[in-house]
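Notes for the one structure printed next.
Bear in mind these aren't lab numbers, they're just calculated from the coordinates by the rules spelled out. All values derive from a computational prediction rather than experimental measurement. Positions of Cβ are generated from backbone atoms using ideal geometry, with glycine treated the same way; all protein chains shown enter the neighbour counts.
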Amino acid sequence: MKVTFAHGLWSGPDSSKAAWMRNQGWEVVAIDMRKHGWDQASQTRAVLETLDEHGPFDLLIGSSFGGLATANAAAQRPELDLRLLLLAPAFGYPDLVTSTLGDAAMEAWKTSGKHAFHPPGWDQQVVLPWSFVEAARPLAWPRLPHPTVILHGTEDDVVPLENSHRAAAENEGVHVEEVPDDHRLHASLPHLLPLSRRLLSTP
């Protein structure tokens, strides 16, 4: 089975999720999501290039911010036969970052034009421009015209589970699979096996 994998904002193409998929015997095209930049538009472009240059794929898989980019890319290719498996996708991202930083920090970011993040496990800070937020606004809630399964943890404190349920309510052919896990979903990766079979059997 040939799949794409779009990693999360602070992760990379050599992530443990991609390694797990390869251990299942899947052919994984792990996308360098930051090759064009950090913002959602740039990361959506990275997924689109992979679809256009290396497809077709059996499944498109994306995690968190990469899940949002995967959904946005697929929305721009409605004519293709695509199937999406999204892991706690960051739908509604501008609201997510606002809830994390708070209104005062967001206003300071807008005023100064930049904000420094210290990703977990990273030695250096990452400074993102305000355009990072602006680019996410029109891409926060993409259409989902293709069969889609969302795996989301009930203990996720990064992306609320209700965001995935909203996406399912607003788009036909979307199923949300809840698991007792956190945002990283490491304990729930075996669920990808039956969920992938479900997607591949969808007419």
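Data for the structure
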quantity: Value of relative contact order over the stretch 1-62, rounded to a whole percent, pairs C-alpha under 8 Å and six or more apart; calculated: 45
quantity: Lysine pair number, Cα distance threshold 30 Å (strictly under), the stretch 1-145, separation 8 or more or different chains; calculated: 5
quantity: Net length gained if the chain between Arg198 and Lys2 were fully extended (0.36 nm per residue, minus Cα distance); calculated: 69.0 nm
quantity: Size of electric dipole in the stretch 24-87: Cβ of Lys, Arg +1 and of Asp, Glu -1, about Cα centre, debye, nearest 20; calculated: 220
quantity: Surrounding net charge for Gln24, when Lys and Arg each add one and Asp and Glu each subtract one, Cβ distance under 14 Å; calculated: +2
quantity: Ellipticity estimate at 222 nm from DSSP helix runs (n ≥ 4, -39,500 (n - 2.57)) divided over the chain, nearest 500; calculated: -11000 deg cm²/dmol
quantity: Environment charge at Ser196 (Cβ cut-off 10 Å; Lys +1, Arg +1, Asp -1, Glu -1); calculated: +2
quantity: Magnitude of the charge dipole, the chain, Cβ model with Lys/Arg +1 and Asp/Glu -1, debye to 20; calculated: 360
quantity: FRET efficiency for Arg137 and Ala104, using Cβ-Cβ distance with R0 set to 22 Å, rounded to 0.05; calculated: 0.65
quantity: Spin-label model distance (nm) - His36 vs Glu162, 7 Å beyond Cα toward Cβ; calculated: 3.3
quantity: Furthest towards positive pole of dipole, Thr111, Gly153, Ser196, structure part the chain, Cβ charges; calculated: Ser196
quantity: Taking the stretch 1-157 and dividing mean pair separation by its residue count, relative contact order in percent (alpha carbons under 8 Å, at least six apart); calculated: 24
